[in-house]
1. On the given criteria, is ASP52 modelled with pLDDT of 95 or more, in a loop (DSSP other than H, G, I, E, B) and in contact with a helix residue (DSSP H, G or I) (Cβ under 7 Å, 6 or more places away or on another chain)?
2. Here are the criteria: (1) surrounded by fewer than 17 Cβ atoms within 10 Å (Cβ to Cβ); (2) at pLDDT 95 or above; (3) more than 16 Å from ligand 1 (Cβ to nearest atom); (4) among the hydroxyl-bearing types (Ser, Thr, Tyr). Tell me which single one TYR276 does not satisfy.
3. Does ILE674 satisfy the condition of being surrounded by 24 or more Cβ atoms within 10 Å (Cβ to Cβ) and touching a strand residue (DSSP E or B) at 6+ places or on another chain (Cβ under 7 Å)?
4. Please go through region 163-190 and give me each residue that is assigned to a strand (DSSP E or B) and aromatic (Phe, Trp, Tyr), ordered by number.
5. Looking only at residues in region 302-361 that are in a loop (DSSP other than H, G, I, E, B) and touching a helix residue (DSSP H, G or I) at 6+ places or on another chain (Cβ under 8 Å), which one is nearest to GLY204 (Cα to Cα)?
6. Out of everything in region 199-246 that is among the hydroxyl-bearing types (Ser, Thr, Tyr) and part of a loop (DSSP other than H, G, I, E, B), what residue ends up being farthest from ligand 2 (Cβ to nearest atom)?
7. Please go through region 247-274 and pick out each residue that is in a loop (DSSP other than H, G, I, E, B) and of a type in the set (Val, Ile, Thr).
8. Could you count how many residues in region 1-47 are in a helix (DSSP H, G or I), more than 28 Å from the chain's Cα centre (by Cα) and either at pLDDT below 95 or loosely packed, with under 14 Cβ neighbours inside 10 Å (or both)?
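The values are calculated or read from the model by the stated rules, or taken from the named source; none is laboratory data. Every value quoted in this text rests on a predicted model; they were computed, and no experiment measured them. Reconstructed Cβ throughout: ideal geometry from the backbone, glycine too, with neighbour counts over all protein chains shown.
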Amino acid sequence: MRKRFTLLLILLLGFGSVRADEGMWLPNLIGKLKIKDMQAQGFQLTAKDLYDVNEGSLKDAIVRFSSGCTGELVSADGLLLTNHHCGYGQIQAYSSVENDYLTHGFWAMSREQELPNPGLKVSFLVRMDDVTKQVLRGVRPSMTEQQRSDKIAENSLAIEEKAAANTHYRASVEPFYYGNQYFLFVYEDFEDVRLVGAPPSSIGKFGGDTDNWMWPRHTGDFSIFRVYAGPDNKPAPYSPENVPYQPKRFLTVSTQGAAEGDFTFVYGFPGRTYEYITSEAVRYMVEKGNPHKINLRTIRLNIMSEEQEKSVQTRIQYAFKHARVANSWKKWQGEMKGLIRRNVIREKEEAELDFMAWAQNKKEYAHVLPELNALYRELEPYAFARDYVNETYGAIELVGLATTLITPDMTELDERQWNNLHNYVADFFKNYSPVIDRRTAIRMLQEYDRNVPEMFQPAILADYKNQYGSIEAAVDDLFDRTMFVSQDQIEELLKLDPEAINVAVKADPVAQLYQDFNRLYRSGILPEYNRINREITPLYRVYMKGMMEREKSRIFYPDANSTLRIAYGKVNGYAPMDAVYYEPYTSIEGIMEKDDPHVYDYDIPQSLRDLYAAKDYGRWKVNGSVPVCFIATNHTTGGNSGSPILNAKGELLGLNFDRTWESTMSDVRYDPEICRNISVDIRYVLFVIDKIGGAGYLLNEMRFAE
Ligand code: ARG
Ligand code: ASP
């Protein structure tokens, strides 16, 4: 009796169930799994409004933007919003010292002025289907893992081919729950996507790396593009004849904002999460992987910053690189703090003990966790060495260029490959500082030498020390002698006949560094690393299945894998530490508090100061101010940048662009108390377009909720 009662209590308290607001749900399953809960929390639409293959639904307004972001359509003429940091590469590509769009912003004042971006692609999801049965057809329990995965690959390919046959669509089959389920995704890709507008970086990147991952935040992190199609409204390569794409659906904009407690949801393409990994995996991350990677990146970032301070040209050249290196560097720090603070390793250990008690007499599951733990211990030295190679050797830019020139046999390149090579070289030198690279190479190789165990040391580091007395002297000499730091020399080289190029690149002093590290990586690290992971992966499939069997009433959400998802929650402040409470909204007042002409990250455009002084906010004035950013409890991750954040009626409230520092742990463990996503309020976006950009005409094509 007592036992029953406890059980009931546990069920009522929702033990083991998904914590409020946690999860990234597949749009075609939301009707079955979550729509009731969404509606109970305030959602006013139906599952069909979110996802419908026959009628236009909200999903038709969402795109995967390039490979790592999300965007949404906001007009019948293909106008698209995403983050400034998502369009950063494109804005930078059009920027030069004379024409610095990064600094001053860019606004196309007519369609003719919109700028094409070769290589940029956006993808719409046409439909998705559960294809688990078809994928697993012919898979038998007696098969080896290799036979199993060959069969799955074969079946998946057939499904993809059939789904895309006689269409211009692209199909892909993706595993979920570590291969316990499979879904087919059919996409329509557009490749003529033009830049329409971007605010100055002092707005779009306001707060820079100082405020990145932090709250309170005041970043106008948006940029504007337009999707173009052929005259038949189908995808077409760039052509001046192309016309603005007419989407099946575009979003309505709400200028009402949301109050604390209001329902919101984020619709986008989250990249990767690891919610079900074991305590051992988290332990490596928190105690070893992250601390070392953070340290290495601190060194690199200091070198970049010092050189960027010295020259405007270097500052522009390394703006994107610096931001990219700093982003994960800071994320890992927040993630570590959060995981430690929340005691996630212990929490997972305890859950694992419970699982093992349950699995004790079950043949299928009893062995899983002990085996996983043993494999993780075996993996650790290889994971560590691999992290070091990537973060040190992999940080030397010269090596990247050398790899591109040493790897291919030049006698075998066709014309297209030659063109690619020439373009690569031109791009490389457009943003290259030999000074930064030399200093980085010295420090990274020193750290490798100091921290990586003997068995993973490449011969060349010992040679350097023997021949030159120090790594520093050796790398200095290497940079003095190599031809790879000189664009002129490389271009001269590429004029030689292919045979001679092959010989010359292999004689360069960089070649030995390249060969030694590669040999080590490919024979001493990667094979073991991959072998162990090949054993880990199928165990997770079994572990996941066991967890689902054990907690039948719990609805498990699949880890993010760059497929379209819905996360829902509410606008909500939080308490990051004792005695501190963070309000959910920031305003233009906060921008002025931070404004400082002497600090690069906080130096706003004069035009914004003037508008503030005159309180000239036009129709964007709310209570005498302008709202800027807000936080909510939606479960998001990298890839969700640029995603629309929508209200209960599916109207656009803003653009998701970040999480708070304490939240970055949500890739491993979502903590409802502190995990918050950060969005820029659409009213601030519109204010900037209108009042700073003077591009208010763009608003005429948008549709506003009344
Ligand atoms: N932290 C955000 C994300 O992971 C934004 C990064 C861009 N902003 C920056 N200051 N680096 O992508
Ligand atoms: N800033 C991230 C992105 O670029 C979003 C996040 O990690 O919260 O996707």
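1. So ASP52 does not fit the description; no.
2. (1)
3. Against the criterion (surrounded by 24 or more Cβ atoms within 10 Å (Cβ to Cβ) and touching a strand residue (DSSP E or B) at 6+ places or on another chain (Cβ under 7 Å)), ILE674 does not qualify.
4. Listed by number, the residues that qualify are PHE176, TYR182, PHE183, PHE185, TYR187, PHE190.
5. Here the residue is TYR318.
6. SER239
7. Once the filter is applied, which keeps residues that are in a loop (DSSP other than H, G, I, E, B) and of a type in the set (Val, Ile, Thr), region 247-274 yields THR252, THR255, THR273.
8. Summing the residues that are in a helix (DSSP H, G or I), more than 28 Å from the chain's Cα centre (by Cα) and either at pLDDT below 95 or loosely packed, with under 14 Cβ neighbours inside 10 Å (or both) in region 1-47 gives 15.
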